[in-house]
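Inspection log for the structure reproduced underneath, given as structure tokens.
None of the figures in this text is laboratory data; all of them are computed from the coordinates on show. Nothing here was measured: the structure is a model prediction, and the numbers come from that model. Cβ placement follows ideal geometry from the backbone for every residue including glycine, while neighbour counts extend to all protein chains displayed.
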Amino acid sequence: MKKDNLPKTIPIFPLSNFIIFPHTTVPLNIFEPRYVEMINDSMKTNKLIGLIQPRTNSVNPIPDLYDVGCLGKITSFKDTSGGSYLIEIIGLTRFKIIKEIKNNKLYRECEINFDHFKNDINIEKKELKFSDLKLIFKDLKLLFEKKGYIINWKALEKQDLNETVNALAMASPFSLEEKQILLETENLEIRKNKIAEILNTYNYDNFDNTTIQ
């Protein structure tokens, strides 16, 4: 998708402790009526939805949202017999919410912009280096195994650095706040360093950090 074709208003899908990065793909099971309606409307137009985390400290019936999420495009759609949808979404670019728009729909919509994330559409591929492998396949692997997470590490070795770091950030047992920090980092190098910082706190606590969910 070209930058000029990016929407100014999008439907919002709040998902707690869940993030998607540009150029990564995730499957979703849609069953709540409001989000079934959202997917129906999206399929009739541009197939775009915004995935974003709700803030955990929100006391409102309608939870406050973080400012930054990721625009996703529906690439696969399956209507199940039970009235739910199985979809697959690829992340295109991060966005920042400008304001929420009042509507008469079951789901929420927001006005957004992409000014801070102009390089997301065409991310430069970077080869995995030994130093990156040490970070990813030593400290992260230890944390994942400690928490009982099963990862296909051999498959990750075949991806480029962007895909590998982002996939592991998405799947990690980090807290909601930690995942949001990773999503909002300006570029891959900063994100990689942030992962290392977070891992240091987990190592220090012998992986018993109470923020793990």
**Fill in**
For the chain, the longest principal axis of the Cα atoms and the Cα long axis of helix 188-204 enclose an angle in degrees, to the nearest 10, of 60
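Once every DSSP H run of n ≥ 4 in the chain is given -39500 (n - 2.57) and the sum is divided by its residues, what mean residue ellipticity at 222 nm do you get, rounded to the nearest 500 deg cm²/dmol? It would help to have the intermediate numbers written out before the result.
Numbers: 7 runs with 65 residues, N = 213.
My calculation for the chain gives -8500 deg cm²/dmol from helical runs alone.
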**Message:** Starting from the Kirkwood Rh over alpha-carbon pairs, what translational D in µm² s⁻¹ does segment 58-168 have by Stokes-Einstein at 10 °C and 1.306 mPa s?
**Reply:** 90
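Suppose every K and R has +1 on its Cβ and every D and E has -1 on its Cβ; what is the size of the dipole of the chain about the Cα centre, in Debye to the nearest 20?
Approximately 380 debye in magnitude.
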**Asked** Considering only DSSP beta bridges whose two residues both sit in the chain, what percent are antiparallel, to the nearest 5?
**Response** 90
**Message:** Cut-off under 16 Å on the C-alpha distance; same-chain residues fewer than 8 positions from Lys147 excluded. Which lysines are left, in chain and number order?
**Reply:** Lys138
**Item:** GNM top mover of Leu86, Leu51, Leu199 - the chain, alpha-carbon springs below 10 Å
**Value:** Leu86
**Request:** May I have the extent of the alpha carbons of the chain along their three principal axes, as whole Å values ordered from largest to smallest?
**Result:** 50, 38, 37
**Prompt:** Given the options Phe13, Phe21, Phe31, which has the most mean-square fluctuation in a GNM of the chain, springs set between C-alpha atoms less than 10 angstrom apart?
**Reply:** Phe31
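Which FRET efficiency value, to the nearest 0.05, is calculated for Ser76 and Phe18 with the Förster distance at 25 angstrom and r the Cβ-Cβ distance? Don't skip to the end; give the middle numbers.
Numbers: r = 18 Å, r/R0 = 0.72.
The calculated FRET efficiency here is 0.90.
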**Prompt:** Of the residues Arg191, Arg94, Arg34, which exhibits the maximal mean-square fluctuation in a Gaussian network model of the chain defined by a 10 Å Cα contact cut-off?
**Reply:** Arg34
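For the chain, which longest stretch is free of loop sites, where a loop site is one of the GluC sites (Glu not before Pro) that DSSP puts outside H, G, I, E and B and that has at most 12 other Cβ atoms within 10 Å? Provide the component values of the computation, followed by the final result.
Working: sites that count: Glu124, Glu127, Glu186.
Between the exposed loop sites, the longest stretch runs 1-123.
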**Message:** Compute the helix-to-body angle for 161-171: its Cα long axis versus the longest principal axis of the chain, expressed 0 to 90° and rounded to tens.
**Reply:** 70
**Prompt:** In µm²/s, what is D for segment 3-117 at 20 °C and 1.002 mPa s, where D = kT/(6 pi eta Rh) by Stokes-Einstein and Rh is the Kirkwood radius from Cα pairs?
**Reply:** 149
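Which entries in the list Lys47/Lys102; Lys73/Lys99; Lys47/Lys96; Lys44/Lys154 go over 31 Å, if you measure between the two C-alpha atoms of each?
Values: Lys47/Lys102 21 Å; Lys73/Lys99 21 Å; Lys47/Lys96 19 Å; Lys44/Lys154 38 Å.
Violating the 31 Å limit, Cα to Cα: Lys44/Lys154.
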**Item:** Those lysines that a straight Cα-Cα span of less than 17 Å connects to Lys126, excepting residues fewer than 8 apart in one chain
**Value:** Lys134, Lys158, Lys192
**Cα-based helix-to-principal-axis angle, 33-44 vs the chain, degrees rounded to 10** = 80
